[in-house]
There are 2 protein chains.
Amino acid sequence: MTIITRVEARDIRFPTSRELDGSDAMNEAPDYSAAYVILHTDQNDGITGHGLTFTIGRGNDICVAAINAMASRLEGRNLEDITANMGAFWRDLTSGDSQLRWLGPEKGVMHLASAAMVNALWDLWAKREGKPVWKLLVDMTPEQLVNCLDFRFVSDVLTPQEAIAMLKRKADGKAEREAQMRDQGYPAYTTSAGWLGYPEDKVRRLCREALAEGWEHFKQKVGGNLDEDRRRAAIIREEIGEHRTLMMDANQVWDVDETIANMRSLAEFNPYWIEEPTSPDDILGHAEIRHRLADSGIGVATGEHCHNRVMFKQLLQAGAIDFCQLDSCRLGGLNEVIMVVLLSAKFDVPICPHGGGVGLCEYTQHISMFDYIAVSGSLEGRLLEYVDHLHEHFIDPVRTRRGHYLIPEAPGYSITMKPETLETFAYPAGAAWKEG
Amino acid sequence: MTIITRVEARDIRFPTSRELDGSDAMNEAPDYSAAYVILHTDQNDGITGHGLTFTIGRGNDICVAAINAMASRLEGRNLEDITANMGAFWRDLTSGDSQLRWLGPEKGVMHLASAAMVNALWDLWAKREGKPVWKLLVDMTPEQLVNCLDFRFVSDVLTPQEAIAMLKRKADGKAEREAQMRDQGYPAYTTSAGWLGYPEDKVRRLCREALAEGWEHFKQKVGGNLDEDRRRAAIIREEIGEHRTLMMDANQVWDVDETIANMRSLAEFNPYWIEEPTSPDDILGHAEIRHRLADSGIGVATGEHCHNRVMFKQLLQAGAIDFCQLDSCRLGGLNEVIMVVLLSAKFDVPICPHGGGVGLCEYTQHISMFDYIAVSGSLEGRLLEYVDHLHEHFIDPVRTRRGHYLIPEAPGYSITMKPETLETFAYPAGAAWKEG
């Protein structure tokens with residue numbers, strides 16, 4: 001029996017705004033940050049569970065406060081009891097305290113906080129099983145996996161029985177797909193070259209470097225100024241050629257009609273998708289955009305700010321998206337992520353999880369590999385996002401080769417930061433902030 | 001020129017869970033609470049701006065922390081500059097700090113916090129004008145009102161020009177409707193008798209008291225146990241008779257199919273509406289419920305957890321609701337409330353704002369009177385919610401007569417609490433909590 005004795009929450013921030021890394025039309029100067037959780041246990045095995053939720057700076061302390069407010073729901077509990085009925089535990093953590101639930105429900109600061117805790121629990125569980133999280137998942141029976149899920153508010157679209165049947169249909173070929181992932185890795189695209197705040201020469205240089213490394217799929221930020229967007233699109237197309245993929249990401253700055261007008265103008269650069277064209281809450285708006293852009297060949301992608309399974313359910317029901325960009329820690333941690341992976345598979349919409357920030361790539365590689373091996377069995381339309389920021393702070397960082405993620409091998413969820421990082425980037429007392 | 005010198009935030013909580021006031025299927029034991037804001041200025045006129053956001057206990061401190069994180073966006077600013085362009089100010093407060101926006105956007109803790117600040121600003125503005133808030137609004141020109149709004153993410157459904165035209169069409173008759181409100185008040189329903197945790201004899205006694213006071217419309221909580229819901233519905237019907245109105249409120253506990261089955265069973269008690277049958281995020285689920293219950297005569301109502309104008313826009317577009325139950329401080333304060341009032345009027349859906357808690361009735365009377373006098377010009381299907389809790393803590397509390405709210409007359413938004421309340425119910429140091 002393993003008792004979780006303490007939930008430790010830390011405020012970790014990286015001063016990325018100094019270089020305009022991560023700048024886009026909505027988020028002009030983020031400081032990539034983590035509300036970081038460490039789960040301590042009563043075992044003397046040196047294993048702790050790590051999880052984080054990603055924010056972009058100010059307010060990271062509010063997420064830390066929310067984690068502390070929820071800590072008592074986890075402290076003193078027994079890991080084996082929790083993992084034996086992970087779906088019930090998840091509902092209890094996210095909705096069991098009705099006073100805290102009022103602050104959401106299942107959205108905003110509280111849900112971000114629950115994600116850090118839930119993901120830390122999965123990390124702890126996987127480390128104790130000696131497996132990376134993707135492997136823990138693909139080795140489960142369909143019944144065990146479904147037992148990790150809460151079907152409340154999605155049962156009109158997906159029942160436990162149907163989910164089990166879906167997973168059983170993909171049981172054949174799991175071993176082959178796992179071997180393929182170990183051999184070839186998972187295909188990815190890069191966002192590293194396309195930030196809004198980067199000058200032209202930096203964009204060109206980063207494109208050339210990425211091409212040399214074998215990248216085939218590139219994303220640029222749009223939504224600042226249309227002429228500027230066109231100029232940058234032309235530069236990137238010039239560098240990457242006509243046959244490679246170019247995605248565009250507006251980070252929510254447009255209304256519906258603006259999106260149509262702007263994407264008609266940008267269509268000559270043959271974008272593969274337009275990402276977050278408008279409010280992340282606007283399901284019907286995205287459906288309208290997709291409908292009106294159908295003749296252009298431009299897909300609609302969203303999800304990094306989609307806050308829970310109920311919203312994804314509707315994006316899928318409404319036929320609003322071509323690509324599901326779920327976020328590993330805006331959803332309430334891995335349990336809800338798995339639900340969205342299943343919902344997407346049911347609607348035959350590929351998942352292309354939101355990467356970047358700090359730690360998101362570390363998380364999402366597990367999710368997409370699990371999707372391929374155990375759920376969808378397909379790579380069609382599926383790409384992991386890759387951003388070359390801050391990986392050096394993790395003990396088990398992502399590894400890429402020729403535009404593919406290599407399969408994670410260390411036990412856990414790959415999200416454990418180095419002790420010196422936790423010290424240096426502690427906010428506001430760490431050395432990185434004292435210099436700043 | 002009036003400079004806002006300081007944003008003071010306080011954690012105020014009432015130990016309502018001791019009596020099961022406010023108990024429902026989702027919220028079994030709330031402690032009604034307020035993250036309370038006081039805006040201080042550089043004027044020596046004794047006027048301060050008060051606003052609160054309502055929570056139900058734990059986590060109220062997180063809202064206070066969020067207010068403190070946003071305070072710098074207001075401190076040092078000039079009231080006249082803000083009110084001259086209130087729409088731009090509102091966008092700046094809710095979305096202008098992109099780092100804080102990441103934590104929503106426009107939802108959860110951060111949006112609750114912005115509501116308290118925005119409403120405090122309106123209170124300050126109205127007090128300085130010497131008018132109650134509803135009067136400040138109805139005396140504005142259409143252009144002035146529209147200048148208070150942010151049309152981002154709703155322009156596909158409502159433009160500033162269209163909003164101005166709508167308001168102009170209702171200019172005739174404003175004086176008569178204002179006089180009518182002063183004379184008769186605004187019709188209301190009572191939730192005071194129907195809480196889930198109350199025993200049968202208390203329900204009967206409260207029904208009889210309410211009838212004696214002239215109430216015609218009653219709401220009960222459902223969603224615990226169906227047999228129990230039926231038993232309580234039978235009791236209330238027995239007490240109030242067949243010709244009075246009975247609403248039912250499930251507080252989000254059902255899935256779509258469960259809602260249909262349960263409301264078919266409860267239909268014999270002739271409910272006027274089913275409120276919050278399922279997840280507040282499930283726009284398409286509410287539309288499905290409304291469609292499938294159309295033959296029963298039971299309306300669909302929701303909104304107290306609907307977090308922003310984008311969600312309301314879609315509830316209206318999808319034909320998902322018969323009644324719009326906007327919340328005065330879950331939406332980002334009065335500016336966004338006005339937008340939802342306009343959107344509802346456009347779709348000809350009546351507003352029945354969410355009352356109860358602490359301070360919600362004080363707020364909503366201004367909203368519904370504004371709607372009637374200046375926007376919809378109609379009382380059809382429109383009722384204010386009334387709950388007889390905690391009004392004694394306000395300097396200018398709601399007043400009711402024969403099932404109607406009387407028009408508020410004191411300057412401001414009626415939300416200023418008594419100094420002794422702010423002291424006694426301060427959490428955790430106040431006397432009310434030391435006894436507990």
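No value in this document is a laboratory result; all are computed from the given coordinates. Because the structure is predicted, anything quoted here is derived from the model rather than measured. All Cβ positions, glycine included, derive from the backbone under ideal geometry; neighbour counts span all protein chains shown.
Within the set of other residues whose C-beta is less than 14 Å from the C-beta of B:P411, count the net charge using Lys and Arg as +1 and Asp and Glu as -1. Write down the numbers at each step before the final one.
Details: positive: B:K127, B:R128, B:K131, B:K135; negative: B:D45, B:D123, B:E129, B:D139, B:E362, B:D396, B:E409.
Spelling it out: positives minus negatives among the neighbours equals -3.
For A:T400, enumerate residues with amide H under 5 Å from its amide H, sequence gap 5+ or separate chain, H modeled in the peptide plane.
The list, which skips near neighbours in sequence, is A:L406.
For peptide A:272-282, what's the mean number of Cβ atoms from other chains within 10 Å of each residue's Cβ?
Numbers: counts 0, 0, 0, 0, 0, 0, 4, 11, 6, 14, 8.
Mean partner-chain Cβ count within 10 Å for A:272-282: 4.
What ³J(HN,Hα) values, in whole Hz, does the Karplus curve 6.51 cos²θ - 1.76 cosθ + 1.60 give for segment B:30-44 when θ = phi - 60°, with x put for Gly and Pro?
x, 9, 4, 9, 9, 7, 10, 10, 10, 9, 9, 10, 8, 8, 9
With r as the distance between the Cβ atoms of B:E242 and B:S265 and R0 = 22 Å, compute the FRET efficiency 1/(1 + (r/R0)^6) and round to 0.05. Before the final figure, lay out the partial values.
Details: r = 18 Å, r/R0 = 0.84.
Between B:S265 and B:E242 the formula returns 0.75.
Could you derive backbone 3J(HN,Hα) for segment B:60-74 from the dihedral phi with the Karplus parameters 6.51, -1.76 and 1.60 (θ = phi - 60°), listing whole Hz in sequence and x where the residue is Gly or Pro?
Taking θ as phi minus 60°, the curve returns 4, 5, 5, 5, 4, 4, 5, 4, 4, 5, 9, 4, 5, 6, 10 Hz for segment B:60-74.
What percent do you get for the relative contact order of chain B when only Cα pairs under 8 Å and 6+ apart count? Each step should come with its number before you reach the end.
Details: 915 pairs, mean separation 84.2, N = 436.
Once normalised by length, the contact order is 19 percent.
Per residue of A:310-322, what is the mean number of Cβ atoms on other protein chains within 10 angstrom of that residue's Cβ? Let's see the in-between values first.
Values: counts 8, 5, 0, 5, 9, 1, 0, 5, 4, 0, 0, 0, 0.
The mean count of partner-chain Cβ atoms within 10 Å per residue comes to 3.
Going out from 0 in 10 Å bins, what whole percent of all Cα-Cα distances in chain A drops into each bin?
Result, from short to long distances: 5, 22, 33, 27, 11, 2, 0 percent.
Between beta-carbons, use under 15 Å as the cut-off and find the net charge around A:P142, counting Lys and Arg +1, Asp and Glu -1.
Details: positive: A:K168, A:R169, A:K170, A:K174, A:K346; negative: A:D139, A:E143, A:E162, A:D172, A:D371.
Net of charged neighbours comes to 0.
Over segment A:306-436, what is the relative contact order in percent, taking alpha-carbon pairs closer than 8 angstrom and at least six residues apart? Kindly include the intermediate steps, with their values, before the conclusion.
Details: 180 pairs, mean separation 24.1, N = 131.
For segment A:306-436, the relative contact order is 18 percent.
So, in Å, what gap is there between the alpha-carbon centers of segment A:103-159 and segment A:375-436?
Rounded to whole Å, the Cα centres lie 20 Å apart.
Does segment A:112-186 classify as rounded, prolate or oblate by the C-alpha gyration tensor (a ≥ b ≥ c root eigenvalues; a/c under 1.5 gives rounded; else a/b over b/c gives prolate, otherwise oblate)? It would help to have the intermediate numbers written out before the result.
Working: a/c = 2.08, a/b = 1.09, b/c = 1.90.
Oblate, because a/c is 1.5 or more while a/b does not exceed b/c.
What percent antiparallel are the DSSP beta bridges of segment A:169-418, to the nearest 5?
Antiparallel bridges: around 25 percent, rounded to the nearest 5.
Please list the equivalent ellipsoid semi-axes of segment B:185-247, computed as the square roots of five times the alpha-carbon gyration tensor eigenvalues, in descending order and whole angstrom.
Value: 19, 12, 11 Å, ordered largest first.
For segment A:169-418, just say rounded, prolate or oblate: build the C-alpha gyration tensor, square-root its eigenvalues into a ≥ b ≥ c, call rounded for a/c under 1.5, and beyond that prolate if a/b exceeds b/c, oblate if not.
Details: a/c = 1.68, a/b = 1.18, b/c = 1.42.
The shape class here is oblate.
What does the average come to when, for each residue of peptide A:285-294, you count the partner chain Cβ atoms lying within 10 Å of its Cβ? Walk me through the numbers before you get to the answer.
Values: counts 8, 0, 1, 2, 1, 0, 0, 0, 0, 0.
Per-residue shielding by partner chains comes out at 1.
Sorted by average packing, counted as other Cβ atoms within 10 angstrom per residue and highest first, what order do B:287-296, B:59-68 take? Provide the component values of the computation, followed by the final result.
Details: B:287-296: 17.1, B:59-68: 25.0.
So the peptides B:287-296, B:59-68, ranked by packing, come out B:59-68, B:287-296.
Given the DSSP H assignment, sum -39500 (n - 2.57) over each helix run of at least 4 residues in chain B and divide by its residue total; what's the result at 222 nm in deg cm²/dmol, nearest 500? Numbers along the way, then the final one.
Details: 18 runs with 179 residues, N = 436.
The helix-only estimate for chain B comes to -12000 deg cm²/dmol at 222 nm.
Using unit Cβ charges (K, R positive; D, E negative) and no other charged atoms, how large, in debye to the nearest 20, is the dipole of segment B:1-88 about its Cα centre?
Details: 7 positive and 13 negative charges, 39 e Å.
Charge dipole, segment B:1-88, about its Cα centre: 180 debye, nearest 20.
If amide hydrogens are placed 1.01 Å from N in the peptide plane, which non-local residues have theirs closer than 5 Å to the one on A:F218?
A:T190, A:T245, A:L246, A:M247
Using only Cα atoms, figure out Rg for the protein assembly as shown and give it as a multiple of 2.2 N^0.38 Å.
Values: Rg = 26.8 Å, N = 872, 2.2 N^0.38 = 28.8 Å.
Cα-based Rg divided by the globular estimate yields 0.93.
Per residue of segment B:336-345, in order, report the coupling 6.51 cos²θ - 1.76 cosθ + 1.60 (Karplus, θ = phi - 60°) as ³J(HN,Hα) in whole Hz, putting x for Gly and Pro.
Per residue, the Karplus-derived 3J(HN,Hα) values read 6, 4, 4, 4, 5, 4, 5, 4, 4, 4 Hz.
Let me see the pair-distance distribution of segment A:34-94: every alpha carbon pair, 5 Å bin width, integer percents in order.
4, 15, 22, 25, 19, 11, 4, 1
May I have the count of lysine pairs in segment A:169-418 with C-alpha atoms under 28 Å apart, counting pairs 8 or more residues apart or located on different chains?
Lysine pairs meeting the criterion: 10.
For segment B:324-362 and segment A:167-187, compute the distance between their C-alpha centroids and round to whole Å.
First find each Cα centre; the distance between them is then 51 Å.
Give me the three principal axis extents of segment A:1-63 from the C-alpha atoms, as integers in angstrom, largest value leading.
49, 20, 14
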